[in-house]
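Please read the structure below before turning to the comments.
Just so you know, all these numbers are worked out from the coordinates, no wet-lab data involved. Keep in mind that what you see is a predicted model, and the values were worked out from it rather than measured. With ideal geometry, Cβ positions are generated from the backbone for all residues, glycine too; neighbour counts draw on all protein chains shown.
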C-alpha cells in the first residue's frame, strides 16, 4: 500500500498511474489530492494524470527518476537502507574545513560510489565537511546541478538514491560530515512539470532565471512547504548534516516570516526530534548580517553564509584582475577590511553595482561566514575555467592558502585546489532539448567573445569533452610541483585544527596591518602573525612583536627581532613564544 | 542666483529654461547635472530640456507647480515664509488622538486656508494630531491624492506651498501636530516625467500600479535619496511633525538597509539637527513587527503603523459583513485577539489570502499601532462610500467609538466620524486624460457591478458631483442626532486623555473576555472595564470585579455588584473604585 498525495490546485482531476494501472485521487483541502493504492509497492513506476491528459507526468516530489526527469517516477522505501551511523554527530561547523566537490568530475567514474574511494584522502588532508554540488535530478547526464527539476530525486547518473546513502554512510564512518547543495530559487529550464500542478512560480518578480519562486503570493504556503520538506528529506532520509542554499538573494519574500527563517525553524525541529545537529549555509551577496543573525536577534538563523567579499578582495590583490565585479575590489586595504570586518561593502557606494551596498556585521562571529579563494562559481564562471594556480605563481598560491586557512572564517577548498590541480572547472551542460543546448552554447560564446576572448579558446558547454576536461587528474597528486602544494595545504590545515586561536571565529580577534605601496599585509590572530608579501620584490616588513617561525612558503625568508625579510610572493607564519 | 541640480542619468544633455531663457547644465558624478544661473530668482518659471527636446518639462523635484503637473516648475524661496512656531514641539504620538482629513472635502471651499477655520473645533474635540491626505501635486483638481507625480510641490488647488505653511503654522499655534501622507510606492498614471530622467521605476517587480519603485537596482541610491529628501522637505521646510507612508507593503527592497530604515535614519538625523521630534507612520498589511521594531532590535524603526486587523475584526463583528478580505474575520474572539495581541493573523493560514500570514508582535507596545473604525480607505473603497453610521445603528456606532478610544492603540478618527456625518467618502478623480478618465469610471463600475451592485447606485469617480457629495456638511454638527454622537466622542476622548491607564500603550495590559454566542465582550485596561453588548437583545454580563459607572451609551443599562445588564447594542465603561 502507498498513500499518494500531491498538491495540484491547477488540476480539475488527478489520477495516479501505478505499474500501468490508473487510480483516481480525491480532492482534499487547499488543492491537495489523495489516494491510497493497495497494490502500490516500492520499486513500482508511477506518474500523475492531470485533467485526464496522458501520458502520466512525473511527481514533483518524486523520490527517484531512474529514467530521467521526463520519465516516470519510482516509489522508494527509505527504510530499506541499512545505515551504519546510528551514533553519528557532525562536528561543529564553526571549526570545520569544508571541501566542495562535484561528483561528476571529482573522479574518473564520476559517481558517488567512486567518490567514496577518495574519502580517506580527504580525511588525511584534514577536511571535516564535504560539500557536494547539487544532487537533485536535472535534464541530461552532465551538469553542475543548478538546473535541477526533480528536487527530491537524486540524479541517476551519480548512482541514484541508494548511492547517496552509501556515500553519506561511508563519509560518516570516516568522521566526515556531508553537506548537500540545494537550489530553491528556480527550477531548471527543461523537465520541470511543477507548472502543471500549481503556482510554484510567480511572474510578479523577475530573477536571472525568469519568474521568481512563489514565496509570498496565493498558494505560497504549499510552495514553501515543498521546499522545506525537500530540505527535511535530505537531512532525515539521506542523513546529510547540513545544506547549502544556492543564491538566496533571488528569494523575493516580504512575508513576516521570511522563507529562510521558516526553513531554519523546520530544520531545528527535525534536529530536536532526531537528536542531531543540522545546519544551513546560505549563498548570499546581500551583505546583510540578518541572514546569519540568530532568530532571537531578528535574524533568519542561518548557521553560516558564503561571503564573496573576502574572495574578491584576495583574488584581485593576488591577480590584479579588474573585470566585472572585480572592479569594486583591488586594494590590500579592502582585503584587510574583509579579514577584520567580513564585508568590504558595509553601506558604501559600489561602482559595479551602481548603488550603495551592504551594512556592517558588528557582533556576528567570523565562523558564520565561509572563506575561500576557489569555488565552483568563481572558477567555473571564468571564460577558461582556470584556477588561481593557472593565473599566478606558486608563491601567491601559497599566500592565498595561508590566508584562507588562518582567516576567522570557516575555510572552504574546491576540489583539486589543495594540490593546484591542472584541470579547469568549465561550464558544462547536457541539455537534451537541441534548441536550448544550442542557445546555451551560443550564449556562452557571445558573452565571452564580447569580453574580448577568442572563440578558439572557449569551450562549448554542450560538448562532452568540456565535461571530461574538467575531471580531476589524481595522478598529479604524486608529481613534485603538485605534492609541494598539497603538503603546504596539509600543514596549514593541521595548524588551524590544532590551534583554537585560529578557529575561535571572532572577527574582532583578526587584525590586519598593511602597506598598499610595498604590497604587504600582516594578519594577526591571537598569538599568530601571518606575514604576506604580495610583491614581486623582496621586502622587509616591520613586526609589532617578535615571533617564532612556524611555517614559511620560501626557505629564503628570515625573521630578525621585530622585522621579517620576505622573498617575493611569499608568506611566513610566526607565533608569539 | 539659483543652483540647478537634477539627477538625469538617462539624458545625454540637459539644459534648464528659466524665465524663457536657456542655460546648459554640466554633467557631474553618477548622472547628476548642475548649473548655477545668476539670473534665476524665486518666483520664476523653469523646466528642463533633455537631449534638446522641447518643450521644457517639469523638474522631478519641482517645489511648485502653479499651472498643474504638466506646466513649468516655479522657483520657491522657503525662507520667505514667516513662521510663528519657533518653540513648537509636537506632543508624543504615543498618547495622541489622530484625526484624518482630506482637504478638498473637509470644508466647503476645500482649501487649506478654509481648513484652518476648523482647527479650533478639532482642538475642542480633543484631537492632538491632524493627518492630511496627500498634498503632493497630481493631475487634475480633485482626488484623494494617491496619484501624486510632483512629489515636492503641494497641490495648487489646495492653495499651493504657502497655504501648507499657513495651515501647519496655525495648527501649531493651537497645539496641534500635523502629519502629511506621502506616497513612495508609485507615481500617478499621468503627469509623471521621472521616466525621462532616470530609473525611478523597475519592471523587475510588479505592483498594483505597474512596475515597482527602484529601491534595489542600479541607480537605486539616487531614487532612494529622492524619496528621503522629499520626506525631509516636508519636515524641514513645511514644519510637519510626522509623515504617514502609504502602503509600504509595495516596497520591494532586498537591500541590507531597507528603505524604511534609511528613511527613519535620515529623519532622525534631521530631528537631531533641528532639535525636534519627527516620526514616521507606515501603512503596512504585512503583520510584521519588524516595521515598527526599533533599529537596535533589527527593526525598521517606524514610530507606528496602521493595523487593519483591529479594524476588520471590529467592523465584521459590528456589521456581519463577510465580503472580500472581511471573510478572514467575523468573530468576537478575533476582536479580543486584536485588542490583546494587535495582529489577529500571527502566522495562521488566511483563507482570503490563500497563504499563511503574519507573526506575533510580542514585545512591541500598543502605541506603535494606530487603531480606527473608519479611514479614507475603509470607507472610500466601499461601493457607496458609506460610513459605519450608515451601516449600523447608533448603539453600535457608540460601541465602536468606545473601543477605538479605549484600546491600547493610538486612536484615529476620520473626518466627520465624530458626529456620524451623513456625507459618504466616495472614490473621486479628475483625470485630465479622457481615455484614462473613462477607464477609471468603467473599471470602478465593472468592479462593483461584479459584486452585485446596481449601476444606478454607483457614483462615477470622474463626475464632479461625486466629489461634492463627499464634502462634510458642517451644519449637521448642531442637529440633535449628530450632536449626541459628537458628545459621546468628546467624552471618550476626554476620558482617554485624562487617564494614563488608557494611553500607556502596553498591549499586555489589555485583557478581553467575551461570549461569542451571547455576543458580548469586556475589555479591561488598568482600572477600566469597557463592557460591550453587540447583540440586539438585552444581556446580563458577569463582571470580574465591581466598578463604578463612568460612561454609558444607554440610560437603561444597570450595574449591580458583579454583573451588568446592558440594553441591546450598548456599552458601559466602569472603573474600579
Count, please, the residues in segment B:170-187 that happen to be over 27 Å from residue B:201 (Cα atoms) and out of contact with any helix residue (DSSP H, G or I) (no Cβ under 9 Å at 6 or more places or on another chain). 1
Only residues that are within 9 Å of another protein chain (Cβ to nearest Cβ) and either at positive phi or in contact with a helix residue (DSSP H, G or I) (Cβ under 9 Å, 6 or more places away or on another chain) (or both): list them for segment A:236-252, please. A:251
Identity of the residue in segment A:207-218, part of a strand (DSSP E or B) and surrounded by fewer than 19 Cβ atoms within 10 Å (Cβ to Cβ), that ends up nearest to the other protein chains (Cβ to nearest Cβ): A:207
Could you look through segment A:437-462, keep only residues that are out of contact with any helix residue (DSSP H, G or I) (no Cβ under 7 Å at 6 or more places or on another chain) and surrounded by 16 or more Cβ atoms within 10 Å (Cβ to Cβ), and pick out the one that is nearest to residue A:398 (Cα to Cα)? A:448
Could you tell me which residue of segment B:188-206 is surrounded by the fewest Cβ atoms within 10 Å (Cβ to Cβ), considering only residues that are away from chain A (no Cβ under 14 Å) and either in contact with a helix residue (DSSP H, G or I) (Cβ under 8 Å, 6 or more places away or on another chain) or assigned to a helix (DSSP H, G or I) (or both)? B:195
Among A:446, A:348, A:435, which is farther than 24 Å from residue A:247 by Cβ and free of Cβ contacts under 8 Å to residues at least 12 places away in the same chain? A:435
Would you confirm whether or not segment B:478-501 contains a residue that is touching a strand residue (DSSP E or B) at 6+ places or on another chain (Cβ under 9 Å) and without any contact (Cβ under 8 Å) to a residue 60 or more places away in the chain? yes
Reported set for segment A:326-344 where residues are within 14 Å of another protein chain (Cβ to nearest Cβ), surrounded by fewer than 22 Cβ atoms within 10 Å (Cβ to Cβ) and touching a helix residue (DSSP H, G or I) at 6+ places or on another chain (Cβ under 7 Å) is A:341
Can you tell me which residue is surrounded by the fewest Cβ atoms within 10 Å (Cβ to Cβ) among those in segment B:547-566 that are within 35 Å of the chain's Cα centre (by Cα) and in a loop (DSSP other than H, G, I, E, B)? B:554
Those residues of segment B:346-371 which are facing another protein chain (nearest Cβ under 9 Å) and surrounded by 23 or more Cβ atoms within 10 Å (Cβ to Cβ), in sequence order: B:357, B:358
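I need the full set of residues from segment B:98-126 which are part of a loop (DSSP other than H, G, I, E, B) and surrounded by 24 or more Cβ atoms within 10 Å (Cβ to Cβ), in order please.
Passing the criteria: only B:102.
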Name the residues in segment A:1-54 that are part of a strand (DSSP E or B), surrounded by fewer than 20 Cβ atoms within 10 Å (Cβ to Cβ) and within 14 Å of another protein chain (Cβ to nearest Cβ), would you? A:32
Based on this model, can you work out whether residue B:374 counts as more than 28 Å from residue B:128 (Cβ to Cβ) and part of a loop (DSSP other than H, G, I, E, B)? no
Among (1) part of a helix (DSSP H, G or I); (2) touching a strand residue (DSSP E or B) at 6+ places or on another chain (Cβ under 6 Å); (3) more than 14 Å from chain B (Cβ to nearest Cβ), there is one condition residue A:221 misses while meeting the rest; what is its number? (3)
Residue ID - farthest from the other protein chains (Cβ to nearest Cβ), chosen from residues in segment B:280-293 that are touching a residue at least 60 places away in the same chain (Cβ under 8 Å) and more than 25 Å from residue B:200 (Cα to Cα): B:292
Read through the list (1) touching a residue at least 60 places away in the same chain (Cβ under 8 Å); (2) away from chain A (no Cβ under 14 Å); (3) touching a strand residue (DSSP E or B) at 6+ places or on another chain (Cβ under 8 Å), then give the number of the only condition that residue B:267 fails. (1)
Could you look through segment A:294-325, keep only residues that are under 18 Å from the mean Cα position of the chain (by Cα) and over 25 Å from residue A:241 (Cβ atoms), and pick out the one that is nearest to the other protein chains (Cβ to nearest Cβ)? A:309
